[in-house]
Amino acid sequence: MAPPVVRARFADSESVFKPDIFKGKVLFCTGGGSGICKGMTYAMMKHGANAAIAGRKLDRLTQAAEELSKGTGNTCIPTQADVRKPDQLKDAVRKTIEKFGRIDFVICGAAGNFLAPLSGLSENAFRTVMEIDTLGTFNTFKATIPYLRESHGSYIHVGVAFHRRGLPYQAHVSAAKAAIDSLSRVIAVEEGPWGVRSNVIAPGPISNTEGMSRLRVSGDEGAFESFIPLGREGVIQDIANATVFLFSDAASLITGEALVVDGGLQQLSTSSVPYPEAVLDPESARKLFKGKL
Ligand code: COA
């Protein structure tokens, strides 16, 4: 039986938002030199924002900032910082303020990942990911919050959804991202009275990213698709669209939430039920359940 799956509309289309909604606003993005965070920054700049991108590698940041400025007609500056080092982050934020005078939006995106079983993980390996992801998020918050209180700004933390269950070889990332979910909720509650919002975007598998190239077992593009109810892996534009929405006034009452962008992958409980055949062909499912259905 050919499943009549309607693949979710490919997201790499014209934005549904007005092009100038972030005019005069400034984004500070850690991990913005490449991949998903670079795409999130591009989308914000396409809608009028200027930006500073922070990361460890100045060459990569400089090249990305030039591409982002050229591609959007707005200004992006590179600010070198290891998110594990509070002084470097404060310096990056100072440069951003010197250049633009304000910060309205912060993306905490810097992250580290690799596949390793918990029993084989060294103490330093576990600590390294906790420090980049969780301590890095804390450090970014501390460096930026005075400016977000002034601008009544908003945080987006790049999370995951797989930590809600047990994913093999991802204990370090699961622990780090669970902590980030908690930090984001507390930021939402403590900073809400200053008009500051905080949310998590949790991407599912996103094609052509460093993260996926590190996590793919087989190297096959599309390997997850049969488990994704909407029928396709994500693209960076999917996460960029969610970013524009969550930072926009359209989301002005949304805080402390985690927005999972994965085509429904996390909602599918994989059991012995063949999917999607079981929902597309109830007759064969009835046979499978021997009259119990
Ligand atoms: N399996 C097990 N342990 C690993 C590992 C792997 N694949 N890769 C690194 N480690 C361990 C190292 O062995 C080291 O532990 P040790 O001192 O006990 O040997 C520890 O992690 C730190 O590694 P190091 O390379 O010194 O840290 P770093 O700060 O230079 O790099 C990483 C950080 C490890 C996260 C690195 O993978 C990285 O920089 N990645 C780039 C960003 C990224 O991962 N992006 C994807 C985001 S989804």
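Looking at the stretch 127-183 only, could you name the residues that are basic (Lys, Arg) and open to solvent by 20 Å² or more (accessible area, probe 1.4 Å)?
Passing the criteria: ARG127, LYS142, ARG149, ARG164, ARG165.
Take the residues in the stretch 236-246 that are in contact with a Gly (Cβ under 9 Å, 6 or more places away or on another chain) and buried (at least 19 other Cβ atoms within 10 Å of the Cβ), then tell me which one is farthest from VAL16 (Cα to Cα).
ILE236
For residues in the stretch 116-147 being in contact with a Lys or Arg (Cβ under 9 Å, 6 or more places away or on another chain) and of a type outside the set (Ser, Thr, Tyr), which is nearest to the ligand (Cβ to nearest atom)?
Looking at the filtered set, the residue picked out is ILE132.
Before we move on, is LEU183 under 15 Å from CYS108 (Cα atoms), outside any strand (DSSP E or B) and not acidic (Asp, Glu)?
For LEU183, the condition - under 15 Å from CYS108 (Cα atoms), outside any strand (DSSP E or B) and not acidic (Asp, Glu) - is met.
Within the set of pairs 6 or more residues apart or between chains, which connect a residue that is farther than 20 Å from PRO229 by Cβ inside the stretch 273-291 to a residue that is open to solvent by 70 Å² or more (accessible area, probe 1.4 Å) with Cβ atoms less than 8 Å apart?
Partner pairs satisfying both residue conditions: ARG286/LEU293.
May I ask you to say which residue of SER226, SER213, SER218 is modelled with pLDDT under 95, more than 15 Å from the chain's Cα centre (by Cα) and under 14 Å from ILE36 (Cα atoms)?
Only one candidate qualifies: SER213.
Among the candidates GLU210, GLU191, GLU233, single out the residue that is within 16 Å of the ligand (Cβ to nearest atom) and open to solvent by less than 30 Å² (accessible area, probe 1.4 Å).
Exactly one of GLU210, GLU191, GLU233 is within 16 Å of the ligand (Cβ to nearest atom) and open to solvent by less than 30 Å² (accessible area, probe 1.4 Å), namely GLU233.
The values are calculated or read from the model by the stated rules, or taken from the named source; none is laboratory data. Fair warning: this is a prediction, and the values are worked out from it, not measured in the lab. A quick note on method: Cβ atoms are made from the backbone with ideal geometry, for glycine too, and the neighbour counts reach across all protein chains shown. All accessible areas refer to the heavy atoms of the entire protein, side chains included, with ligands and DNA or RNA removed. Shrake-Rupley method; radii C 1.70, N 1.55, O 1.52, S 1.80 Å.
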